[in-house]
Amino acid sequence: MTVLSAPIPAFETAQHDQWDRDDLLLLQQKALREWRDSDWLAMHDPRAYEAVMVQDPTLVRVDLGGGSGESQQGPGCIVVGQPGRVGKQSLALTDERREVDVGWMEPTRLPFEDACVDECHAMTVPSMPAATLAREIGRVMRLGGRVKTRVTLAAAFQPCGGDWWECVSRG
């Protein structure tokens with residue numbers, strides 16, 4: 001019996017400096033499949049797991065600076081960060097499986113084309129000055145996109161209530 005495997009999409013094998021909207025949508029779908037299969041998330045954060053189950057796959061959501069393992073990541077997001085900060089053995093001890101989706105260590109530029117991200121979580125910010133990060137997030141966000149960040153970065157964005165800050169691209 002011959003078993004045919006599906007072709008591996010280009011984004012899984014290629015190294016990108018600038019991800020475009022189409023590649024990010026494919027990567028978002030892959031990330032959502034992994035999040036929906038996460039026993040760790042279902043057990044440790046059932047509300048987040050339920051939200052991931054009904055999440056719109058046509059919205060690109062990124063988590064900047066997330067680490068290896070579900071506990072270090074924004075549920076339902078494409079995780080953009082430093083790969084391999086936690087070893088696979090450490091993850092196995094906690095039943096976490098998710099790795100970083102996009103390796104990123106560039107301190108001056110986000111690895112996305114302009115206006116291709118719908119939602120950005122910047123909770124654990126990499127070593128990038130706040131003003132640079134705010135400018136870069138504004139560059140990659142689609143019009144009306146949302147940014148979730150800590151209060152220490154909030155001054156760079158316009159408030160829209162609670163812990164959420166609205167970031168609107170201006171062309």
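The values are calculated or read from the model by the stated rules, or taken from the named source; none is laboratory data. Quick caveat, the model's predicted, so the values are computed rather than measured. Positions of Cβ are backbone-derived with ideal geometry, glycine not excepted, and every protein chain shown enters the neighbour counts. Side chains included, ligands, DNA and RNA excluded: accessible areas come from the protein's heavy atoms. Shrake-Rupley method; radii C 1.70, N 1.55, O 1.52, S 1.80 Å.
Go over the candidates Asp63, Asp39, Asp22, Asp56 one by one and state the one that is at pLDDT below 95, charged (D, E, K, R) and exposed (fewer than 14 other Cβ atoms within 10 Å of the Cβ). Walk me through it before giving the result.
Details: Asp63 fails: exposed (fewer than 14 other Cβ atoms within 10 Å of the Cβ); Asp22 fails: at pLDDT below 95; Asp56 fails: at pLDDT below 95.
After applying the criteria, what remains is Asp39.
Search region 108-123 for residues being closer than 14 Å to Gly65 by Cα and in a loop (DSSP other than H, G, I, E, B), and hand back the single one that is most open to solvent (accessible area, probe 1.4 Å).
Top of the filtered list is Arg109.
Please go through (1) modelled with pLDDT under 70; (2) open to solvent by 30 Å² or more (accessible area, probe 1.4 Å) for Ala154 and return the number of the only condition it doesn't satisfy.
Result: Ala154 fails condition (2) only.
Kindly indicate the residue of region 80-102 that is open to solvent by less than 50 Å² (accessible area, probe 1.4 Å) and among the small types (Gly, Ala, Ser) and also modelled with the highest pLDDT among those meeting that condition.
The extreme case among them is Gly81.
Within region 60-78, count every residue that is assigned to a loop (DSSP other than H, G, I, E, B) and of a type in the set (A, V, I, L, M, F, W, C).
2
Just one of (1) at pLDDT 85 or above; (2) assigned to a loop (DSSP other than H, G, I, E, B) trips up Pro126, so point out which.
Tallying (1) at pLDDT 85 or above; (2) assigned to a loop (DSSP other than H, G, I, E, B), Pro126 fails exactly one: (1).
In region 40-73, what count of residues is obtained for those that are of a type in the set (A, V, I, L, M, F, W, C) and touching a Gly at 6+ places or on another chain (Cβ under 6 Å)?
From region 40-73, those of a type in the set (A, V, I, L, M, F, W, C) are 40-43, 48, 51-54, 59-60, 62, 64; that's our starting set.
Subset that is touching a Gly at 6+ places or on another chain (Cβ under 6 Å): 52.
The total comes to 1.
So which residues in region 42-53 are in a helix (DSSP H, G or I) and either small (Gly, Ala, Ser) or open to solvent by 60 Å² or more (accessible area, probe 1.4 Å) (or both)? First the steps, then the outcome.
So in region 42-53, the residues in a helix (DSSP H, G or I) come out as 42-44, 46-53.
Ala42, Met43, His44, Pro46, Arg47, Ala48, Glu50, Ala51, Met53 - these are the residues of region 42-53 that are in a helix (DSSP H, G or I) and either small (Gly, Ala, Ser) or open to solvent by 60 Å² or more (accessible area, probe 1.4 Å) (or both).
Would you say Leu143 is modelled with pLDDT of 80 or more, open to solvent by 30 Å² or more (accessible area, probe 1.4 Å) and part of a loop (DSSP other than H, G, I, E, B)?
no
Return only the number of the condition from (1) part of a helix (DSSP H, G or I); (2) modelled with pLDDT under 85; (3) in contact with a Leu (Cβ under 6 Å, 6 or more places away or on another chain) that Ser169 does not satisfy.
Every listed condition holds for Ser169 apart from (1).
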